[in-house]
Amino acid sequence: MDTRQVSRTAVETGEAGAFLDLLDPRPDGIEVLDIATALGRIPRFGGRGVRETCVATHLLLTAEIARYLGEGPQVQLHALLHDAHEAYLGDLPTPLIRAMQSLSGVNAVGMIAERLDAAIYQRLGVSRPLQHEQERVAYADHLALRAEARCVLPSRGDWAGNPDDTDVMRFARHWNRLPQGDVAGLCWLKGVLQLTGATAEKSLVSA
């Protein structure tokens with residue numbers, strides 16, 4: 001590939017050496033296996049915890065919490081996908097995103113994430129979450145954050161609410177049983193394929 005023709009806003013997406021333009025992500029440039037691999041290798045909390053953990057594990061926990069709360073397969077799938085764009089952006093800590101927005105006046109990261117989400121969902125052939133589904137995922141995501149913070153951060157996430165809340169304690173124990181790294185990425189991939197009803201896995205993991 002002649003990299004001189006690659007957009008300056010494009011990132012390499014995986015072992016094949018393909019590129020995806022962050023400002024114009026095309027669904028046919030999305031490889032779900034690439035997403036799974038990246039999510040298993042991108043650290044949560046900017047890598048500043050007392051224990052290692054990755055984005056894929058966070059997504060697995062969020063989906064498990066959604067299931068525990070009685071949510072159906074569609075919300076569980078949205079929970080697995082809600083941070084899938086971080087395969088291309090990384091897991092930028094929320095305080096950093098807020099600082100960037102304060103300086104620039106726009107949430108550029110959120111705008112790029114929205115474009116990536118649209119491409120990922122289109123690639124999977126899945127409808128975007130409705131408002132009430134987004135709210136349910138956001139609630140599960142918040143519980144997952146509190147459980148992870150209790151296990152990973154020195155502060156135990158005191159800033160996010162009572163870290164000894166019964167549900168947070170339960171989910172923290174579950175977090176300890178979840179896989180990390182590449183195994184977590186593969187578990188994420190398996191969950192996405194199952195929940196999308198993708199029996200022909202090859203159609204999603206190769207162009």
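Say whether the condition of being in a helix (DSSP H, G or I) and either in contact with a Cys (Cβ under 7 Å, 6 or more places away or on another chain) or within 21 Å of Gln122 (Cα to Cα) (or both) is met by at least one residue in region 9-24. Walk me through it before giving the result.
Quick first cut of region 9-24, residues in a helix (DSSP H, G or I) only: none.
There is no residue in region 9-24 that is in a helix (DSSP H, G or I) and either in contact with a Cys (Cβ under 7 Å, 6 or more places away or on another chain) or within 21 Å of Gln122 (Cα to Cα) (or both).
Residue-wise test of (1) within 16 Å of the chain's Cα centre (by Cα); (2) at pLDDT below 95; (3) closer than 29 Å to Trp175 by Cβ.
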position	(1), (2), (3)
Thr3	no, yes, no
Thr13	yes, yes, yes
Ala36	yes, no, yes
Gly46	yes, yes, yes
Leu69	no, no, yes
Hey, does region 53-68 have a residue that's assigned to a loop (DSSP other than H, G, I, E, B) and not hydroxyl-bearing (Ser, Thr, Tyr)?
no
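Let's see how each residue does on (1) buried (at least 24 other Cβ atoms within 10 Å of the Cβ); (2) farther than 14 Å from Thr37 by Cα; (3) β-branched (Val, Ile, Thr):
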residue: Leu59; (1), (2), (3): yes, no, no
residue: Ala66; (1), (2), (3): yes, yes, no
residue: Glu71; (1), (2), (3): no, yes, no
residue: His85; (1), (2), (3): no, no, no
Filter result (in a loop (DSSP other than H, G, I, E, B) and out of contact with any helix residue (DSSP H, G or I) (no Cβ under 8 Å at 6 or more places or on another chain)) within region 139-157:
Pro154
Which members of region 35-52 meet the condition of being in contact (Cβ under 8 Å) with a residue 40 or more places away in the chain and either of a type in the set (Ser, Thr, Tyr) or assigned to a helix (DSSP H, G or I) (or both)?
Ile35, Ala36, Thr37, Ala38, Leu39, Arg44, Phe45, Gly46
Could you check, for region 142-158, whether at least one of its residues is at pLDDT below 95 and hydroxyl-bearing (Ser, Thr, Tyr)?
yes
Given the structure, is Pro73 touching a residue at least 24 places away in the same chain (Cβ under 8 Å) and farther than 30 Å from Pro25 by Cα?
no
For region 139-159, enumerate the residues that are surrounded by fewer than 19 Cβ atoms within 10 Å (Cβ to Cβ) and either without any contact (Cβ under 8 Å) to a residue 40 or more places away in the chain or aromatic (Phe, Trp, Tyr) (or both).
Tyr139, His142, Ser155, Arg156, Asp158, Trp159
Residue pairs, Cβ under 8 Å, 6 or more apart or interchain, first in region 87-104 and loosely packed, with under 11 Cβ neighbours inside 10 Å and assigned to a helix (DSSP H, G or I), second among the small types (Gly, Ala, Ser) and modelled with pLDDT of 95 or more. List them.
none
Please specify each residue of region 105-138 satisfying the condition of being part of a loop (DSSP other than H, G, I, E, B) and in contact (Cβ under 8 Å) with a residue 12 or more places away in the chain.
Gly125, Val126, Pro129
For region 69-86, which positions are under 16 Å from Arg146 (Cβ atoms) and in a helix (DSSP H, G or I)?
Ala79
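The values are calculated or read from the model by the stated rules, or taken from the named source; none is laboratory data. Not measured: the values here are computed from a predicted model. Positions of Cβ are generated from backbone atoms using ideal geometry, with glycine treated the same way; all protein chains shown enter the neighbour counts.
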